[in-house]
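A quick write-up on the structure given underneath.
The values are calculated or read from the model by the stated rules, or taken from the named source; none is laboratory data. As the structure is a computational prediction, the values presented were derived from the model and not from experiment. All Cβ positions, glycine included, derive from the backbone under ideal geometry; neighbour counts span all protein chains shown.
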Amino acid sequence: AAARAGTSLRFPGQLNGDLRKLATNLIPFPRLHFLMPSYAPFFDAKASHFEKSSVPDLTKAVFDRKNLLVACYPRFGRYLTAAVIFRGEISSREAEVSVHELQQKNVQNFVEWIPDNVSVSLVSVPPVGQRLFFTAPSNSTAMQKENRGTLDSFSAMFKRRAFLHWYLGRDHA
């Protein structure tokens, strides 16, 4: 996912962003830095001949739970920020309109107190074997629930001192 987010550094495009711009746009406050990477289309390159994908369809798909690379449910939270990286032959107007329409249709999924919270990058070189490819690291409050579950599991194991002997170098057997 990190390699996909860094494609604008390696390939030419119209609206390229560097890592500083990406981090600035994705992390509104230092404590809100838990990202959910996703990409679309999510299928084998051999099946790309059978799949007809439009820009609005892929823009919608990149925010769909099935295309997330994290076991998370975005409908239980709201998007703070996102950065959609479009790869392939696509105009900047088409990309901006597609993102804007998605935000207007799903206004309840985005926070209103961060204006223009979805940034767009365009890379003109598509991945091998595909015509269009979209990557979207996003910052969502839905990650709070996932992180809370991890913290609760850790706390329960730490209370029982489970697996600590591996890190302390002592054998309690």
* Is it true that some residue in the stretch 96-104 is modelled with pLDDT under 90 and of a type outside the set (Phe, Trp, Tyr)? -> no
* To do: Taking the options 125, 97, 107, 70, name whichever one is in contact (Cβ under 8 Å) with a residue 24 or more places away in the chain, β-branched (Val, Ile, Thr) and farther than 25 Å from residue 30 by Cβ.
  => 125
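Looking at 125, 118, 99, can you tell me which residue is among the hydrophobic types (A, V, I, L, M, F, W, C) and more than 22 Å from residue 66 (Cβ to Cβ)? It would help to see each step written out before you state the result.
Numbers: 118 fails: more than 22 Å from residue 66 (Cβ to Cβ); 99 fails: more than 22 Å from residue 66 (Cβ to Cβ).
After applying the criteria, what remains is 125.
Return yes when residue 109 is closer than 19 Å to residue 37 by Cα, of a type in the set (S, T, N, Q), buried (at least 18 other Cβ atoms within 10 Å of the Cβ) and assigned by TED's automatic domain parsing to the domain that holds residue 22 and no when it is not. Give the steps one after another, and end with the answer.
On the way: closer than 19 Å to residue 37 by Cα: yes; of a type in the set (S, T, N, Q): yes; buried (at least 18 other Cβ atoms within 10 Å of the Cβ): no; assigned by TED's automatic domain parsing to the domain that holds residue 22: yes.
No.
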* To do: Search the stretch 128-151 for residues being part of a strand (DSSP E or B) and under 16 Å from residue 68 (Cα atoms), and hand back the single one that is farthest from the chain's Cα centre (by Cα).
  => 133
